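Since the structure comes first, as structure tokens, the remarks are kept for the end.
The values are calculated or read from the model by the stated rules, or taken from the named source; none is laboratory data. Everything numeric in this text was worked out from a predicted model, so none of it was measured. Cβ placement follows ideal geometry from the backbone for every residue including glycine, while neighbour counts extend to all protein chains displayed.
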């Protein structure tokens, strides 16, 4: 049987996000030009007291003298602090109400401010241990009760010991005076609470760090508002993923680590062991060996269009959701392709290179307009189709070829074969995906079928073109100019050199796989993919996943959400519902979606729940992965 546990919370910067006296200062000095200076000095005195560098009595005395506050200010402060209760405290209101007999607030602050705030969360006024103000006849705050231990150094230790509490005493706070309760023997456990503020002097001494109350409750086996503390969800982001994505994961409370470049298979096998969410771009290859090492991985985000660098079949077998950004960089790629096409057809890039060498070559030779020329688009997806519309608006005649039946936009003409497109086009541009069947799509024979003097562009994938054939036809003049953004082998990071036989060939534009690398595109991709992953982790929604059955779920409240991924065999749903019925659970919502290989069922049940139920659900034959949210 679990021994009795008493929880004692610090108030300022723990129970609430801020220091109450700072807020009082803001109220008193609103619209006063001296306000910022006074607030800065009060914060300095607070930190000195919290770090043990100034006696608490002296710190309080100096702060109150600076404040020049009145009783009338307190109601305004209380109203302001109601919206400043720490997020994890608000999330776990039920914990405070269910354990009210064993929860105290202790503070070097003041009861007049604290009690109205904590009472609303379920804490009893008589279990608030704090100082009290002294007022004069006009209601001005002139001091505090200096007889109370809490205004003295180690006052919290003395106050807690005076309670003669039985069982374990668990102290939760952010300041040195909170740590002293453990050091002085008043508390048996101390959690350094870092959700709002992180004080090095406390963290260096504490053996337990708590980024949220969820972490504390999980550690002590209490029911929290979430099934798993968000700070334990580890995110690894590779290849310079946009800072906004990093920020989104951090704001959600996840633990985030970033790496500038990609990692080799061996390196990633070592780093991925405790990772819950992996973010990559195009260079990192996710192999079965890597997935074998990823024992905690729930989701992979490819912060780009393609997912060919990820073994989707293996991810599906393990119930790992994969998300990408299929449309976020479309405009960026189209704009680069358009600009490069114009530069190549005008020989602008070649002339610029000569100018840098001091050569003045003013000539119209090999410099023509794009108007009236025939553009052949291989791959009529989102990029190809948008390029088609823009090129036609500029006066080009557009032809396209795609292996799937696509509706032509504007006056674009669909070709029945790739060779038909190659034979008619003045400019050939590739916008296909990276699937294996597209390897060496353009060969020596393909170049033979093109017009003499063709302009060739590849902004799709490096392996879709036989590079030797391209180089041969560039040197022979069959291909008059080329723009290549992707290569069969690319450096893993900006620190590695780029080596290619394409270097130095006239009228060839080489770019380092930057078709989608604009600030706008990377921002959109970072936001889009991170939102999809966060939504999946927090609610189970798979809408936008490229490998799991897609379910768009409503928000759930006052329920447990059971997520069950399984092989697509008969009878799984019936077995789930039979088990729920055995444990007397009421189903308040259920959603099922399957594909040819797997099924994904979401079940919202009422608040009755136990570990035996979880065990039975996990033991259903053909289960791939099970997860519960609450």
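Below are the figures for this structure:
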quantity: Pick from the stretch 283-312, criterion more than 18 Å from the chain's Cα centre (by Cα) and touching a residue at least 60 places away in the same chain (Cβ under 8 Å), ranking: nearest to residue 493 (Cα to Cα); calculated: 283
quantity: Residue match in the stretch 1-23 (condition: more than 21 Å from residue 105 (Cβ to Cβ), in the same structural domain as residue 194 (by TED's automatic domain parsing), in contact with a helix residue (DSSP H, G or I) (Cβ under 6 Å, 6 or more places away or on another chain) and modelled with pLDDT under 90); calculated: no
quantity: Enumeration of residues in the stretch 45-90 that are in contact with a helix residue (DSSP H, G or I) (Cβ under 7 Å, 6 or more places away or on another chain) and surrounded by fewer than 17 Cβ atoms within 10 Å (Cβ to Cβ); calculated: 48, 51, 68, 76, 80, 82
quantity: Residue list for the stretch 338-352, filter: surrounded by 14 or more Cβ atoms within 10 Å (Cβ to Cβ) and free of Cβ contacts under 8 Å to residues at least 24 places away in the same chain; calculated: 346, 348, 351
quantity: Some residue of the stretch 236-251 being outside any helix (DSSP H, G or I), over 21 Å from residue 307 (Cβ atoms) and touching a strand residue (DSSP E or B) at 6+ places or on another chain (Cβ under 9 Å); calculated: no
quantity: Within the stretch 570-590, tally of residues that are crowded, with 18+ Cβ neighbours inside 10 Å and under 24 Å from residue 543 (Cα atoms); calculated: 2
quantity: Matching option when the condition is in the same structural domain as residue 368 (by TED's automatic domain parsing), touching a residue at least 40 places away in the same chain (Cβ under 8 Å) and either over 21 Å from residue 369 (Cα atoms) or in contact with a helix residue (DSSP H, G or I) (Cβ under 7 Å, 6 or more places away or on another chain) (or both), among 493, 476; calculated: 493
quantity: Of all residues in the stretch 466-490 being more than 16 Å from residue 384 (Cβ to Cβ) and within 33 Å of the chain's Cα centre (by Cα), the one that is surrounded by the fewest Cβ atoms within 10 Å (Cβ to Cβ); calculated: 489
quantity: Residues (free of Cβ contacts under 8 Å to residues at least 40 places away in the same chain and either assigned to a loop (DSSP other than H, G, I, E, B) or touching a strand residue (DSSP E or B) at 6+ places or on another chain (Cβ under 8 Å) (or both)) located in the stretch 143-159; calculated: 145, 147, 148, 154
quantity: Subset of the stretch 92-110 (residues that are crowded, with 21+ Cβ neighbours inside 10 Å and assigned to a helix (DSSP H, G or I)); calculated: 95
quantity: Of all residues in the stretch 379-401 being touching a strand residue (DSSP E or B) at 6+ places or on another chain (Cβ under 9 Å) and surrounded by fewer than 19 Cβ atoms within 10 Å (Cβ to Cβ), the one that is nearest to residue 435 (Cα to Cα); calculated: 389
quantity: Test: residue 195 is crowded, with 17+ Cβ neighbours inside 10 Å, assigned by TED's automatic domain parsing to the domain that holds residue 18 and in a helix (DSSP H, G or I); calculated: no
quantity: Top-ranked residue in the stretch 439-465 [being over 20 Å from residue 426 (Cβ atoms) and surrounded by 20 or more Cβ atoms within 10 Å (Cβ to Cβ); ranked as modelled with the lowest pLDDT]; calculated: 461
quantity: Extreme residue, surrounded by the fewest Cβ atoms within 10 Å (Cβ to Cβ), among residues of the stretch 123-151 that are modelled with pLDDT under 90 and over 44 Å from the mean Cα position of the chain (by Cα); calculated: 147
quantity: Enumeration of residues in the stretch 207-225 that are assigned to a loop (DSSP other than H, G, I, E, B) and buried (at least 19 other Cβ atoms within 10 Å of the Cβ); calculated: 211, 212, 224
quantity: Of all residues making up the stretch 22-43, the number that are part of a helix (DSSP H, G or I) and surrounded by 14 or more Cβ atoms within 10 Å (Cβ to Cβ); calculated: 13
quantity: Qualifying residue in the stretch 367-377 (condition: in contact with a helix residue (DSSP H, G or I) (Cβ under 9 Å, 6 or more places away or on another chain), free of Cβ contacts under 8 Å to residues at least 40 places away in the same chain and assigned to a helix (DSSP H, G or I)); calculated: no
quantity: Residues satisfying the stated conditions in the stretch 522-542, i.e. more than 17 Å from residue 277 (Cα to Cα) and either surrounded by fewer than 23 Cβ atoms within 10 Å (Cβ to Cβ) or assigned by TED's automatic domain parsing to the domain that holds residue 315 (or both); calculated: 523, 524
quantity: Filtered residue count, the stretch 212-254, keeping only those that are in contact (Cβ under 8 Å) with a residue 24 or more places away in the chain, farther than 27 Å from residue 264 by Cα and within 12 Å of the chain's Cα centre (by Cα); calculated: 3
